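Undergrad: Following this message is one structure expressed as structure tokens.
The values are calculated or read from the model by the stated rules, or taken from the named source; none is laboratory data. From a predicted model like this one, the values you see are computed outputs, not experimental measurements. Virtual Cβ from ideal backbone geometry, glycine too; neighbours counted across all protein chains shown. Ligands, DNA and RNA are excluded from the accessible area calculation, which covers all protein heavy atoms including side chains. Shrake-Rupley method; radii C 1.70, N 1.55, O 1.52, S 1.80 Å.
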Amino acid sequence: MPSHLIIAIDGPAASGKSSVARVLARRLGYVYVNTGAMYRAVTWHVLASGVDPADQSAVLSLLASTTIECDIAGHESAILINGVDPTPNLVSEAVNGAVSTVATISQVRSQLVALQRAYGEKSNSVMEGRDIGSAVFPETPYKFYIDASVEVRAQRRAKQGLQDSITQRDKLDSTRRTSPLVIAEDAHVIDSSHLTVDGVVGEIIGRLKIKGLLPTEF
Ligand code: DC
């Protein structure tokens with residue numbers, strides 16, 4: 001069991017989980033942890049180093065000589081790769097296209113999962129990703145799975161002006177061998193297709209009241 005509370009928010013690409021997790025964390029005074037950013041940061045480093053993301057042994061030998069530091073800055077997770085902040089590069093088309101491939105590598109996952117679990121020792125957190133409720137913190141009683149139709153998710157990415165082959169990523173994320181995207185048995189599922197961010201946050205808060213984490217007057 002982690003020494004702090006973890007609210008797990010999982011779901012497919014562009015389901016709205018990042019916005020929801022950030023707003024929820026702010027309302028609760030918890031740290032917002034974006035685990036997709038960790039897989040993206042490693043992918044950026046792989047590409048920037050000229051390594052083929054599909055070449056698992058080359059990726060792993062690069063990682064063996066890479067320092068990954070995860071911390072908290074302004075109530076949000078922050079990552080440094082060999083001392084460099086990769087944030088401006090994380091949603092590039094190249095990273096979008098390669099991140100699910102890098103995320104299939106089991107040893108990459110175990111290294112990042114260890115860093116994610118370390119947040120559970122630092123602070124109460126709202127942590128979003130693909131496998132937080134199913135694999136990273138399976139013991140947390142606070143699990144949510146946010147979904148939306150493929151059409152709505154594609155529209156959201158287009159509105160953000162981002163190129164992202166979400167159906168391709170969905171397929172890779174759901175069929176990989178190590179901790180694929182699944183709905184944890186005890187997760188509360190929310191379809192955000194026709195909901196605003198505040199609407200989804202409201203539903204989560206309602207659920208957290210029922211579970212006794214928050215007082216009814218919250
Ligand atoms: O949430 P996101 O779209 O930024 O995540 C980018 C990719 O990282 C996603 O396609 C799969 C991978 N990922 C993962 O495998 N496990 C997580 N907990 C978070 C992300």
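Undergrad: Any idea what angle helix 150-159 forms with the longest principal axis of the chain, computed on alpha-carbon atoms, 0 to 90 degrees, nearest 10?
TA: 70
Undergrad: Mind checking the per residue accessible area of the chain for me, 1.4 Å probe, whole number of Å²? Write down the numbers at each step before the final one.
TA: On the way: 10030 Å² over 218 residues.
I get 46 Å² per residue for the chain.
Undergrad: Return the calculated 222 nm mean residue ellipticity for the chain, to the nearest 500 deg cm²/dmol, obtained by summing -39500 (n - 2.57) across DSSP H runs with n ≥ 4 and dividing by the residue count. Don't skip to the answer; put the middle values down first.
TA: Values: 8 runs with 93 residues, N = 218.
Here the helix-only value at 222 nm equals -13000 deg cm²/dmol.
Undergrad: Rounded to whole Hz and in sequence order, give me ³J(HN,Hα) for the range 186-198 from the Karplus expression 6.51 cos²θ - 1.76 cosθ + 1.60, θ = phi - 60°, writing x for Gly and Pro.
TA: Karplus values, whole Hz, x for Gly and Pro: 9, 7, 8, 8, 10, 8, 8, 3, 10, 10, 7, 4, 5.
Undergrad: What ranking, highest mean first, results for peptides 97-108, 129-140 when packing means the other Cβ atoms within 10 Å averaged over each residue?
TA: Details: 97-108: 20.4, 129-140: 22.8.
So the order, starting with the most tightly packed, is 129-140, 97-108.
Undergrad: With the alpha-carbon atoms as the only input, what is the per residue convex hull volume for the chain in Å³? Spell out each step's value before the answer.
TA: Working: hull volume 25.2 nm³, N = 218.
That works out to 116 Å³ per residue.
Undergrad: To the nearest 20 debye, what charge dipole does the range 35-175 have about its Cα centre, counting +1 at the Cβ of each Lys and Arg and -1 at the Cβ of each Asp and Glu? Walk me through the intermediate numbers first.
TA: Values: 12 positive and 16 negative charges, 50 e Å.
Dipole of the range 35-175, to the nearest 20 debye: 240 debye.
Undergrad: Could you please report the charge total around SER92, scoring K, R as +1 and D, E as -1 over all other residues with beta-carbon less than 11 angstrom from its beta-carbon?
TA: Spelling it out: positives minus negatives among the neighbours equals -1.
Undergrad: Keeping the other protein chains in place, figure out the carbon and sulfur percent of the accessible area of the chain, with a 1.4 Å probe. Walk me through the numbers before you get to the answer.
TA: Numbers: 5260 of 10030 Å².
Here it works out to 52 percent.
Undergrad: Check which residues have an amide H placed less than 5 Å from ASN124's amide H, if you skip close sequence neighbours.
TA: Those lying under 5 Å, H to H, from ASN124 are LEU5, VAL31.
Undergrad: Quick one: work out the % antiparallel among DSSP beta bridges in the chain, nearest 5.
TA: Numbers: 7 of 24 bridges.
Restricted to the chain, the bridges split so that about 30 percent are antiparallel.
Undergrad: Once the Cβ-Cβ distance between ASP52 and GLU217 is put in as r, and R0 is 41 Å, what FRET efficiency do you end up with, to the nearest 0.05? Kindly include the intermediate steps, with their values, before the conclusion.
TA: Details: r = 55 Å, r/R0 = 1.34.
Between ASP52 and GLU217 the formula returns 0.15.
Undergrad: Considering only Cα-Cα distances, which of the following residue pairs are longer than 26 Å: LYS17/LYS159; LYS122/LYS159; LYS159/LYS209; LYS171/LYS211?
TA: Working: LYS17/LYS159 16 Å; LYS122/LYS159 35 Å; LYS159/LYS209 33 Å; LYS171/LYS211 33 Å.
In this structure, LYS122/LYS159; LYS159/LYS209; LYS171/LYS211 lie more than 26 Å apart at Cα.
Undergrad: Using label points projected 7 Å from each Cα along Cα→Cβ, tell me how many nm separate LYS122 and ARG177, to one decimal.
TA: Computed distance between label sites LYS122 and ARG177 equals 3.1 nm.
Undergrad: What are the equivalent ellipsoid semi-axes of the range 139-218, built from the alpha-carbon gyration tensor (square roots of five times its eigenvalues), in whole angstrom, biggest first? Present the calculation step by step, with values, prior to reporting the outcome.
TA: On the way: eigenvalues 146, 71, 14 Å².
Ellipsoid half-lengths, sorted descending, are 27, 19, 8 Å.
Undergrad: Right, next: How far is helix 166-175 tilted, in degrees, relative to the longest principal axis of the Cα atoms in the chain, given as a value from 0 to 90 rounded to the nearest 10?
TA: Approximately 90 degrees, to the nearest 10.
Undergrad: Related question: Rounding to the nearest 10 and keeping the result within 0 to 90°, find how far the Cα-based axis of helix 17-28 lies from the longest principal axis of the chain.
TA: The angle comes out at about 50 degrees.
Undergrad: Set Lys and Arg Cβ to +1 and Asp and Glu Cβ to -1, take the dipole of the chain about its Cα centre, and tell me which of ALA73, ALA21, VAL33 lies farthest positive.
TA: About the Cα centre, the residue reaching furthest to the positive side is ALA21.
Undergrad: Can you compute the charge dipole magnitude of the range 95-218 about its Cα centre, using +1 on each Lys and Arg Cβ and -1 on each Asp and Glu Cβ, nothing else charged? Give it in debye, rounded to the nearest 20. Write down the numbers at each step before the final one.
TA: Values: 16 positive and 15 negative charges, 76 e Å.
Here the range 95-218 has a charge dipole of around 360 debye.
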